[in-house]
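Input: a single structure, listed below in structure tokens.
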Amino acid sequence: MDLAFERRGSGAPLILIHGIGHHWQGWLPVLDRLAAARTVIALDLPGFGASPGLPDGVPYTAESLADAVESFCARLGVREPHVAGNSLGGYIALELASRGVVSSATALSPAGFWSRPELLYCQAVLRALRATARSLPADRLARTAESRYLRTVSAGVLVARPGRLDPAALTAATEALARSAGFDETLESFTGLMPPAPPKSPVTIAWGEHDRLLLRRQAVRAARWSGQRVKLLKGCGHVPMSDDPELVAEVILRG
């Protein structure tokens, strides 16, 4: 697929995959750190950010989005890259590891390891965030992004340290959430989402200590699935890149 992406750096290829409703710019806090050691390609999933939607008749599921990422890599001539993803992107990274088409996969608070009540909670929170993003006029969004208190109220469920968010980045992320054509169908598909098949490539899973969307007890199930201990991202929330860029970059590069 012809996806929107940003490429930086040199070295072994590393594909970065964002979460539902987000865009590649969510990786900006860690992008240059990663690009110092890798050829980094941060992409917009189909129906998110600046990427076109999936072809007619192709449902929005984690598996079909993983197909799109795999096709995108083939189109670029990138064979067996390293991949890292957050939330939905983390699940996709693990799915690609299950297919054995990547050299390694790092998943930050990946989706799919929830109980039924935790899934319903996640879907409810994401629907509320989406509704708020779509209802905010531009002037009110700008005031929210500039106010430290309002940033905490609006983004506290996703990041542990909202005060560290760049106002322009928060504004752009909110606008991306509001415009995400693939959001609703992808979110509905979460209902049937189960952990991928056992991985054929090495995997690293890390969980935000203060993840308020996918609660960190889900890391225990992810550890059982992967057969290894899950790393804890201290001081980080569900989207950890802005909470501690140095730590996140270190975990990805070591993975």
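Coordinate-derived values only; no laboratory data. Quick caveat, the model's predicted, so the values are computed rather than measured. Counting neighbours? That spans all protein chains shown, and the Cβs are built from the backbone with ideal geometry, glycine included.
Observations, loosely collected:
- Take every pair of alpha-carbon atoms less than 8 Å apart whose residues are at least six positions apart; their mean separation over the length of the chain yields a relative contact order of 23 percent.
- Highest-fluctuation residue, Glu188, Glu95, Glu80 considered, GNM on the chain with Cα pairs under 10 Å: Glu188
- Between Leu120 and Ala37, the modelled labels are 4.3 nm apart [label points 7 Å from Cα along Cα→Cβ].
- Integer Hz, Karplus 6.51/-1.76/1.60 couplings in order for segment 189-201, x for Gly and Pro: 5, 4, 4, x, 7, 10, x, x, 5, x, x, 9, 10
- Alpha carbon centroid spacing (whole Å) that separates segment 228-255 from segment 161-221: 13
- Nonlocal amide H pairs with Ile17, under 5 Å, H built at 1.01 Å: Ala84, Gly85, Asn86
- Farthest toward positive dipole pole in the chain [+1 Lys/Arg, -1 Asp/Glu at C-beta], among His18, Pro52, Ile205: Ile205
- Net charge over other residues, Cβ less than 14 angstrom from the Cβ of Phe113 (K, R count +1; D, E count -1): +2
- Kirkwood-Stokes translational diffusion coefficient of segment 58-205, alpha-carbon pairs, 37 °C, 0.692 mPa s, µm²/s: 196
- In sequence order, calculated HN-Hα J values of segment 61-78 (Karplus, 6.51, -1.76, 1.60; Hz; x Gly/Pro): 9, 4, 5, 5, 5, 5, 4, 5, 5, 4, 5, 4, 4, 4, 5, 7, x, 9
- If the segment from Val58 to Ser10 were pulled out straight at 0.36 nm per residue, it would be longer than the present Cα-Cα gap by 13.9 nm.
- Over the chain: helical MRE at 222 nm, DSSP H runs n ≥ 4 each giving -39500 (n - 2.57), nearest 500: -13000 deg cm²/dmol
- Under 5 Å between amide hydrogens, built in the peptide plane, is the criterion, and for Leu232 it picks out Trp207 among residues at least 5 positions away or on other chains.
- Model label sites at Ser135 and Ser103, defined 7 Å from Cα along the beta-carbon direction, differ in position by 4.7 nm.
- Gyration tensor (alpha-carbon) shape descriptor, segment 1-114, a/c threshold 1.5: rounded
- When the chain is reduced to its Cα atoms, the Kirkwood hydrodynamic radius in Å: 17.8
- Sequence-ordered 3J(HN,Hα) estimates for segment 136-151 from the Karplus curve with 6.51, -1.76 and 1.60 and θ = phi - 60° stand at 7, x, 4, 5, 6, 4, 5, 5, 4, 5, 7, 8, 4, 5, 5, 4 Hz, glycine and proline given as x.
- The residues neighbouring Ala178, those whose beta-carbon lies less than 11 Å from its own, together hold a net charge of +2 under the Lys/Arg +1, Asp/Glu -1 convention.
- Dimensionless Rg/Rh of segment 161-255 - Kirkwood Rh, Rg from C-alpha atoms: 1.00
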